[in-house]
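The values are calculated or read from the model by the stated rules, or taken from the named source; none is laboratory data. Only a predicted model underlies this, so the values are computations on that prediction, with no experimental measurement involved. In this analysis, Cβ positions are derived from the backbone assuming ideal geometry, glycine residues included, and neighbour counts consider all displayed protein chains.
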Number of protein chains: 2
Amino acid sequence: MTSNHNLYIVVIGCGRLGSLLANKLSNEGHSIVVVDISTTAFDALTPDQFSGFRIEGDATELGVLKQAKIDKADVVIGATHDENVNIMAAQIAKNRFNVPKVFVRIIDPDKESFCKAIGIECVCPTTMAAEKMITSLKQNPES
Amino acid sequence: MTSNHNLYIVVIGCGRLGSLLANKLSNEGHSIVVVDISTTAFDALTPDQFSGFRIEGDATELGVLKQAKIDKADVVIGATHDENVNIMAAQIAKNRFNVPKVFVRIIDPDKESFCKAIGIECVCPTTMAAEKMITSLKQNPES
């Protein structure tokens, strides 16, 4: 698997973050399966970018993850608004199905250390936004 | 005003992002006023970090912004969950009170170009999180 390889990616959650990732990654040529508990969420997938699969279901249920062929996934991304769902699905992906790369979006910055402790890569948009603003203030306070 | 200067910063919205910024920036020695429509939001301000002021009110009302002494502000940060509130307050800060540095958090990535067009610096946590994940995938697809 290299960076130019076509990856098989399971995206859990089709909100703003999940749909953005699914659209972009599908458009880049990767094979995408998006899982969401609500079919209306899939409206955010744009036909000119997204050519993957949609699965309606609860990503904390093993049957749903199996339906998404998580055992074949190169990457699993937990992108729902519920960080517990993201972390739970990521743990199943990593520990039961040996998925090589697992990401989760977390909401509460305090969960970052928990994710690191269990070996899951996490991204906290709130922390990132705060850091970007503080860095910009320090570098260029008047622009 | 230099990067080491004590800045007067008005933070609008005391949710996760606003409170994180208010706590950090106050702890760094800046003078902070936080505005939120709900007093319970201020519970996220931690006494060991935050030593600024709290104002309960709607930041799209001129009287509330004046109460926050926005005319003296070096920086205004629109950090509520409603990007329209953030953009509106930022426009007042920039155009009416000539605040030198104005940031807004936006929720919908499509609003980025609108903010740029009106000269307001915006940060979209969703876009940042997606970019971080995609970059990490490209750089190191198996870690």
Taking A:G15 as the residue in question, decide whether it is under 11 Å from the mean Cα position of the chain (by Cα), of a type in the set (G, A, S) and surrounded by fewer than 17 Cβ atoms within 10 Å (Cβ to Cβ). yes
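Just give me the residues in region B:95-108 being of a type outside the set (S, T, N, Q), over 18 Å from A:E131 (Cα atoms) and under 17 Å from the mean Cα position of the chain (by Cα), in sequence order. Walk me through it before giving the result.
Taking region B:95-108 as the starting set, the residues that turn out to be of a type outside the set (S, T, N, Q) are B:96-97, B:99-108.
Subsequent filtering for residues that are over 18 Å from A:E131 (Cα atoms) retains B:96-97, B:99-100, B:108.
B:F97, B:V99, B:P100, B:D108 - these are the residues of region B:95-108 that are of a type outside the set (S, T, N, Q), over 18 Å from A:E131 (Cα atoms) and under 17 Å from the mean Cα position of the chain (by Cα).
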Given the structure, is A:K111 more than 12 Å from the chain's Cα centre (by Cα) and on the phi > 0 side of the Ramachandran plot? no
Do any strands (runs of 3 or more DSSP E) lying entirely in region B:57-143 carry at least 1 residues that are among the acidic types (D, E) and within 13 Å of chain A (Cβ to nearest Cβ), and which ones are they? B:121-123
Check whether at least one residue in region A:22-40 is in contact (Cβ under 8 Å) with a residue 12 or more places away in the chain, surrounded by fewer than 18 Cβ atoms within 10 Å (Cβ to Cβ) and of a type in the set (D, E), and report yes or no. no
Return yes when A:D43 is loosely packed, with under 14 Cβ neighbours inside 10 Å and either over 14 Å from the mean Cα position of the chain (by Cα) or closer than 30 Å to B:A44 by Cα (or both) and no when it is not. yes
Out of the residues in region B:1-10 that are more than 10 Å from chain A (Cβ to nearest Cβ) and at pLDDT 95 or above, which is farthest from B:Q91 (Cα to Cα)? B:Y8
